[in-house]
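Contents: one structure, followed by commentary.
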2 protein chains.
Amino acid sequence: MKLKAIAIASALAVAGTAWAASVRDEPIQPIQPAKVTNPALVELGKKLYFDPRLSRSGFISCNSCHNLSMGGSDNLKTSIGDKWQQGPINSPTVLNSSLAVAQFWDGRAADLKEQAGGPIANPGEMAFTHDLAVGTLRTIPGYVAEFKSVFGSADINIDKITQAIAAFEETLVTPNSPFDQWLKGDDKALNDRELAGYGLFKESGCVACHNGPAAGGTSFQKMGLFEPYKTNNPAEGRAGVTGKDEDRMNFKVPTLRNVELTYPYFHDGEAATLEQAVELMGRLQLGRKYSEQEISDIVAFLKTLTGDQPTFVMPILPPSSNATPKPNPWQ
Amino acid sequence: MKLKAIAIASALAVAGTAWAASVRDEPIQPIQPAKVTNPALVELGKKLYFDPRLSRSGFISCNSCHNLSMGGSDNLKTSIGDKWQQGPINSPTVLNSSLAVAQFWDGRAADLKEQAGGPIANPGEMAFTHDLAVGTLRTIPGYVAEFKSVFGSADINIDKITQAIAAFEETLVTPNSPFDQWLKGDDKALNDRELAGYGLFKESGCVACHNGPAAGGTSFQKMGLFEPYKTNNPAEGRAGVTGKDEDRMNFKVPTLRNVELTYPYFHDGEAATLEQAVELMGRLQLGRKYSEQEISDIVAFLKTLTGDQPTFVMPILPPSSNATPKPNPWQ
Ligand code: HEC
Ligand code: HEC
Ligand code: HEC
Ligand code: HEC
Ligand SMILES: [Ca+2]
Ligand SMILES: [Ca+2]
């Protein structure tokens, strides 16, 4: 991560000119910084995102599987859920996920708010129910007061909970990557290898799928176009949502923003390194066999997509009261 | 938590006069704010504290069981460890633990540095080995660079790791509680009930054990002096360290700082509420049966021991490299 370069770009941003659109006409556009319209809602959402009391065990929070210290995922092949259950699929990053056309690998949630209700009630993840989660928060005086001040009424319900979490997630964008600095006109932001890698990425057709500000997240695509993808993971992708056979193995194209941080790769987490992922993408999606040099150039380019990670003060959660149901992780 | 009061005290602190010692001669003294002499060492320690790669599974960090969003503990009866193992004992808070005479319920570690090596290699907690943890960090370029800049040499070993974690933990003090404001001369910092509770706490003899700046942590004491403590938990306390039969059920007196946040109570986590804990302490340690009013006054006083929680920016962890061993949580 080019921390120095990022610091300089931040200084420019303060000067108030750097957030203009790209000066180059490219299939990937710069990430815009978050515009926070309701900071109190975001602050509440941050607390909920970090609160393990939204899970049956009292141990697992959103941040357990989408760790904001680690690029917004858990860096495991598939996630660890309630009772150490082995999850079915790789945890995607929450960074920049607000930019995607839909949520989940198969797009089964339309947006972040709809998505956020899922894991709380998923028996393999937080294993709670919406009613129990709401009931728990209602017994926590600090939350009651905060919901009241944010929403104007003290009633807590799942709609407000997911709205707050989504508002926090919308702030989790990563502007200022070296690639974005280059897009905005700084010719020195990328070195020759990185530029060569980007050239290859464009010309060989990666941008057909990985495009837009998130370099992904704009469409669903078949995994395994030129050769079938071999995996033991039973996930069927988009077909599970549409019921159509032609959607089998269609997945939401993942964002390549911060891909340096979101190892391991693919929906099954079976590619351990970026080199493996790029080699496979070339072969399976484009019918092209890259040389080692080409792979290494593309990887160098992909690492320029690491942006400023969201920095914020760890939330302090309001304590439970005597009325709060006690978690029992082993029941 | 009296957030307003705390904010005012912080303002005083900035004015530079408020850190004087107590103006009252009491058995509990104010918590002093942390004096950071080596900020880079603290910053490295913070990263390590939050890094789940110090565990076999890649999922559990110090913060999993000593969650700094929740008063430095996990609010479970006993902790969840590697593979969802049920821990043997309640997780004590790390807040102000630098003030204690020794570490762990039975005091088997002399200080924070000695303590920090324990959980990494404990099969029921992080379930790693020191060699594997060190080996993992050595493959992470960001850590290699940071150890080099902090220690002057790039070599990473368990001694440096535990030194950095301990330096971070030393910053986890919680000054500025309403009780400390009162100790420093602000007569309005406590209301009548809180003062009555403190009066009872002193006169009935709680301060014989819960004394010093941490209101605890200064000695080992028998749990169950007037009546034996009934529990199914097999922990023997200090006897496990000294081998002496008279040390059976002797535990380090826990700090009462932030006790509002560190539920459930006692080494077995069997007291769910502060009211239960106080009732039991009165009966078992002092042979005294408090009225409901007395219990409620003492609890009101105990809640004035909640201080400013450590606030800091969430660390961003350096990414693994291709050489980093892959965690396999289910092996
Ligand atoms: C036990 C692990 C786990 C927990 C806890 C968890 N998630 Fe997830 N999350 C996942 C996995 C795995 C997926 C992918 C599931 C799929 O696509 O079928 C996912 C998907 C997502 C997505 C979609 C991202 C994308 O690009 O499609 C978002 C957003 C998200 N989670 C946010 C949250 C929030 C908010 C919470 C807490 C309320 C949460 N997660 C709790 C593991 C977890
Ligand atoms: C036809 C569409 C398409 C093309 C062309 C394509 N990709 Fe992908 N890419 C995808 C899809 C779909 C996935 C997710 C597959 C999965 O997880 O099973 C993906 C995943 C990835 C990943 C892993 C991301 C993660 O977080 O797991 C990387 C890296 C990647 N692509 C890079 C590239 C590169 C480099 C190229 C060009 C060589 C390329 N892609 C071409 C559709 C495409
Ligand atoms: C799986 C849960 C778990 C993990 C992970 C864990 N701890 Fe603990 N910690 C505990 C428990 C339980 C105890 C009490 C053990 C005892 O006293 O026998 C404890 C005790 C302590 C104490 C002593 C506090 C006191 O008042 O005596 C400190 C300090 C501490 N841990 C710091 C850490 C650090 C630093 C890490 C990471 C390197 C860590 N812990 C990881 C559960 C955990
Ligand atoms: C003779 C020593 C002694 C006296 C007197 C004493 N305590 Fe304790 N206190 C302890 C010990 C030892 C523990 C830990 C016991 C255990 O966990 O098994 C403890 C635990 C506690 C706890 C639970 C703390 C936690 O984090 O688990 C509270 C609250 C408490 N004491 C309050 C009081 C009050 C109030 C009084 C007076 C009524 C009192 N104590 C008197 C020794 C004492
Ligand atoms: Ca991944
Ligand atoms: Ca406790």
Specify which residue in the list B:242, B:264, B:200 is farthest towards the positive end of the charge dipole of region B:174-303, using unit charges on the beta carbon of Lys, Arg (+1) and Asp, Glu (-1), about the Cα centre. B:242
Roughly how big is the protein assembly as shown's charge dipole about its Cα centre, with Cβ charges of +1 (Lys, Arg) and -1 (Asp, Glu), in debye to the nearest 20? 20
Say a label goes 7 Å from Cα toward Cβ at residue A:233 in every copy; what distances in nm does this one have to the rest, shortest first? 4.1
Could you pull the Rg and Dmax for chain A, using just the Cα atoms, both in Å? 20.7, 64
Could you give the dipole magnitude of chain B about its Cα centre, charging the beta-carbon of Lys and Arg +1 and that of Asp and Glu -1, in debye to the nearest 20? 560
Ignoring ligands, DNA and RNA and using a 1.4 Å probe, state the total buried accessible area between B and A in Å², rounded to the nearest 100. 3900
The helix A:39-49 Cα axis meets the longest alpha-carbon principal axis of chain A at an angle in degrees, between 0 and 90 and rounded to 10, of 90
Taking every residue of B:71-79, the Cβ atoms of other protein chains inside 10 Å of its Cβ average out to 4
Net charge contributed by nearby residues that have their C-beta within less than 9 Å of residue A:82 (K/R +1, D/E -1): +1
Sorting from shortest, the nanometre distances separating the label point of residue A:192 (7 Å past Cα along the line to Cβ) from those of the same residue in the other copies are 8.3
Enumerate the calculated ³J(HN,Hα) couplings along region A:90-100 in order (Karplus 6.51 cos²θ - 1.76 cosθ + 1.60, θ = phi - 60°), each rounded to whole Hz, writing x wherever the residue is Gly or Pro. 5, 6, x, 5, 8, 5, 6, 5, 5, 7, 7
How large is ³J(HN,Hα) for each residue in region A:191-205, as worked out from phi by the Karplus curve 6.51 cos²θ - 1.76 cosθ + 1.60 (θ = phi - 60°), to whole Hz, x for Gly and Pro? 8, 4, 5, 5, 5, 4, x, 5, x, 4, 4, 6, 5, 7, x
Skipping prolines and chain starts, which residues have an amide H placed within reach, meaning under 5 Å, of the one on residue A:271, given they are 5 or more residues away or on another chain? A:265
Rounded to the nearest 500, what is the protein assembly as shown's calculated 222 nm mean residue ellipticity when only DSSP H runs of at least 4 contribute -39500 (n - 2.57) each, over all residues? -10500 deg cm²/dmol
Hey, if you put +1 on the Cβ of every Lys and Arg and -1 on every Asp and Glu Cβ in region B:39-170, which of B:84, B:101, B:134 ends up farthest toward the positive end of that dipole? B:84
Would you grab the residues whose amide H sits under 5 Å from the one on residue A:109? Only those 5+ places off in sequence or on another chain, please, with H modelled 1.01 Å from N. A:103
Which chain A residue sits with its beta carbon nearest the axis carrying A onto B, and how many Å away is it, rounded to a whole number? A:84, 2
Please compute the net charge surrounding residue A:239, taking Lys and Arg as +1 and Asp and Glu as -1 over other residues with Cβ under 14 Å from its Cβ. +1
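What does the extension gain come out to for residue B:322 and residue B:155, with contour length at 0.36 nm per residue minus their alpha carbon separation? Intermediate results must be reported in sequence, preceding the final value.
Working: separation 167, 0.36 × 167 = 60.12 nm, distance 1.93 nm.
The span from residue B:322 to residue B:155 would gain 58.2 nm if fully extended.
How far, in nm, would the chain grow between residue A:191 and residue A:35 when pulled straight, counting 0.36 nm per residue and subtracting the alpha carbon separation?
Details: separation 156, 0.36 × 156 = 56.16 nm, distance 3.10 nm.
Here the segment from residue A:191 to residue A:35 would lengthen by 53.1 nm.
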If each label sits 7 angstrom from Cα along the C-beta direction, how far apart, in nm, is residue A:40 from its counterparts in the other copies? 4.3
How much net charge surrounds residue B:325 when only other residues with a Cβ under 12 Å from its Cβ are counted (Lys, Arg +1; Asp, Glu -1)? +3
What list of ³J(HN,Hα) values in whole Hz, one per residue of region A:103-119 in order, does the Karplus curve 6.51 cos²θ - 1.76 cosθ + 1.60 (θ = phi - 60°) give from phi, with Gly and Pro shown as x? 10, 6, 4, 9, x, 6, 10, 6, 8, 5, 5, 4, 4, 4, x, x, x
For residue A:250, residues with placed amide H under 5 Å, excluding near neighbours: A:223, A:238, A:239
Please report, as a whole percent, how much of the solvent-accessible surface of chain A comes from carbon and sulfur atoms (probe radius 1.4 Å). 56
If you find the alpha carbon centre of region A:232-283 and of region A:89-167, how far apart are they in angstrom? 25
For the protein assembly as shown, with every protein chain kept in place, what is the accessible area per residue (1.4 Å probe, Å²)? 42
Go through A:35/A:184; B:47/B:222; A:113/B:46; A:47/B:77 and tell me which ones have a Cα-Cα distance over 27 Å in this structure. B:47/B:222; A:113/B:46
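The values are calculated or read from the model by the stated rules, or taken from the named source; none is laboratory data. Predicted model, so just to flag it, every value in this text is computed and none were measured. Cβ coordinates were reconstructed from backbone atoms using ideal geometry, including for glycine residues, and neighbour counts include every protein chain displayed. When the accessible area is computed, the model is the full protein with side chains, heavy atoms only, and any ligands, DNA or RNA have been set aside. Shrake-Rupley method; radii C 1.70, N 1.55, O 1.52, S 1.80 Å.
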